[in-house]
Every structure is written in C-alpha cells, then in structure tokens.
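Visitor: Have a look at the structure that comes next, please.
The values are calculated or read from the model by the stated rules, or taken from the named source; none is laboratory data. Predicted model, so just to flag it, every value in this text is computed and none were measured. Note: ideal-geometry Cβ built from the backbone for every residue, glycine included; neighbour counts use all protein chains shown. Side chains included, ligands, DNA and RNA excluded: accessible areas come from the protein's heavy atoms. Shrake-Rupley method; radii C 1.70, N 1.55, O 1.52, S 1.80 Å.
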Amino acid sequence: MRPLVVALTGGIGSGKSTVCRRLRELGVTVIDADELSREVVRPGQPALAEISRRFGSAVVNGAGELRRAELRRIVFADPAARRDLEGIIHPRIQERVRHAIAACTDPYLVLCVPLLLETDAYSNDIDRIVVVDCAPETQRSRVMARDNLTAAEVDAIMRTQAARALRLQRADDVIENEGEMAEVLPQVDRLHERLLRIARA
Ligand code: ATP
C-alpha cells in the first residue's frame, strides 16, 4: 500500500523548514526536495560529471565538489543553460523522491517542495497540498534576518515565486505562520492528527 503523499510548500521564509522539523519530531517521514538537490550533485554522483561536461571543469573545485556560486553565475545570465542544468538535476531528484515514496510504509509522508506550484513535476505523485503561509512582509523580514539579505534582494526572489493568493487557492490545508513559534507548532500537531485520520480512512 502506497502512503498518502502530502506535498508541503510555501514561499521563501514562510516557515517550511520549521514545520518539517516539527513533523520529523512527530515521527513523520519528510522527503525534502532541497536536500535531495544537494545530494544528487555530491562528489562522485553522475549528475556532477554531467554538469562538469556541460558547463566546464571550472564549476568543480579541487576536492571534486560543485562550485555553486560559479554555476549560479552561469545559469543566472543564460536561460538555455538554466534549462540544461534543470534537465540534468530534476530527473534525478524525482527518481529519488519516487524511490523514497515506494520505500515508505507509513500511513502518510510529507514531500517538501519549495517550488511545487511553479513546476508541475510532482502533480502525479501527490494527494494533498499543505501551504505554510504568512504575509510577504513577514517573509521579507524573517529572510533578511536569517540570510543577511536586503529587502530588495528578498523581493527579487519573491517575484520569481508563485503569488500568495495562488498558493492559498491550491492548498488543501494551510499552516498559518504569522505569529509566534508557539502558535505554529500546535497547528502542525493538529495537522498530523488530521492527516493520520485521512490516511487511515
Ligand atoms: P526557505 O524557503 O528559505 O527555505 P522556509 O520556508 O524553510 O525558508 P524557515 O527557514 O522555516 O522558512 O523560516 C524562515 C526564518 O524565519 C527562520 O530563521 C525561522 O527560524 C524563522 N521563523 C519561522 N517561523 C517563525 C515564527 N513563527 N516566528 C519567528 N520566526 C520564525
């Protein structure tokens, strides 16, 4: 029996990692697409060799590790390069996601995908969507504090992401993360109970 697959998404700094940390504390299997995107380009991985062939050996350092800043600089300026990079990385992330879903024997699992609604890579794999939501101003101030970025830098990232209204429209469940940490964690606990009931029904 396949588990209920619950996608979790939200804009930058909305609180996805915070929610996922709590879910893991509750014993929930969380597959994190960002973590997998780092795993597939570790030294020795075939994707890294492909990236080096496509973008030149300057994107790999002496220790055989990806030079992320260098690669980011290349694809930032070149949409075709970005598509090529995505073509190398995305299928391998998806393969790992599907593998993890197939291996999971829990009633449900959570698949955290920051850009879920900006791509339709997982539309056939997921049963429900949970959105972590807060006001754009809150996202901005939390990310400025966390990543030491300016408001303009955070806004530029937010402009590349789905609008808040679209995310909320697509959500089956919403975790409201405008308030204190102490307010968000009980919502996660209640969501966990609800998802267990739905998965077992
Ligand atoms: P990203 O999309 O950048 O990965 P995220 O959605 O995973 O971000 P978090 O890293 O969980 O977001 O939260 C962003 C920042 O805001 C973190 O520094 C986190 O500690 C803080 N934060 C999250 N929720 C709250 C809250 N309710 N109150 C105060 N700070 C919070």
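Visitor: Would you pull out the residues with amide H under 5 Å of Leu4's amide H, same chain only if 5 or more places away, H placed 1.01 Å from N?
Guide: Amide H to amide H, under 5 Å and 5 or more residues apart or across chains, Leu4 pairs with Tyr108, Leu109.
Visitor: Another question, if that's okay. Please report the carbon-and-sulfur percent of the accessible area for the chain; probe 1.4 Å, protein heavy atoms only, DNA, RNA and ligands left out.
Guide: On the way: 5550 of 11090 Å².
Of the solvent-accessible surface of the chain, carbon and sulfur hold 50 percent.
Visitor: In terms of modelled amide H atoms, which long-range or inter-chain residues lie less than 5 Å from the amide H of Val132?
Guide: Under 5 Å from the amide H of Val132 lie the amide H atoms of Thr9, Gly10, Ile175, each far enough along the sequence or on another chain.
Visitor: While we're here: Any number yet on Rg/Rh for the chain, C-alpha, Kirkwood? Mind dumping the intermediate values first?
Guide: Working: Rg = 17.9 Å, Rh = 18.2 Å.
Rg/Rh: 0.98.
Visitor: I want to verify a result. In a Gaussian network model of the chain, Cα cutoff 10 Å, which of these has the top mean-square fluctuation: Val59, Val28, Val40?
Guide: For the chain, modelled as a Gaussian network with Cα springs under 10 Å, the answer is Val59.
Visitor: Dipole of the chain (Lys/Arg Cβ +1, Asp/Glu Cβ -1, origin at the Cα centre): which of Ala201, Leu111, Ala100 lies farthest to the positive side?
Guide: Ala100
Visitor: What are the ³J(HN,Hα) couplings of region 167-184, residue after residue, when phi is run through the Karplus curve with 6.51, -1.76, 1.60 and θ = phi - 60°? Round to Hz, x for glycine and proline.
Guide: 4, 5, 5, 8, 6, 7, 9, 10, 9, 8, 10, 8, x, 6, 3, 4, 8, 7
Visitor: Please report the antiparallel percentage of DSSP beta bridges with both residues in the chain, rounded to the nearest 5.
Guide: 5 percent
Visitor: By how many degrees, 0 to 90 and rounded to 10, does the Cα axis of helix 16-25 deviate from the longest principal axis of the chain?
Guide: It works out to around 60 degrees.
Visitor: Next up: Taking θ = phi - 60°, what integer Hz values does the Karplus form 6.51 cos²θ - 1.76 cosθ + 1.60 yield along region 63-71, in sequence order, with x for Gly and Pro?
Guide: Each residue's phi maps through the Karplus curve to give 8, x, 9, 5, 8, 4, 4, 5, 5 Hz.
Visitor: Hey, rough spin-label estimate for Thr119 and Ala100, points 7 angstrom out along Cα→Cβ, what's it come to in nanometres?
Guide: 1.4 nm
Visitor: Let me ask something else. Using a 1.4 Å probe, what is the accessible area per residue for the chain, in Å²? Walk me through the intermediate numbers first.
Guide: On the way: 11090 Å² over 201 residues.
That works out to 55 Å² per residue.
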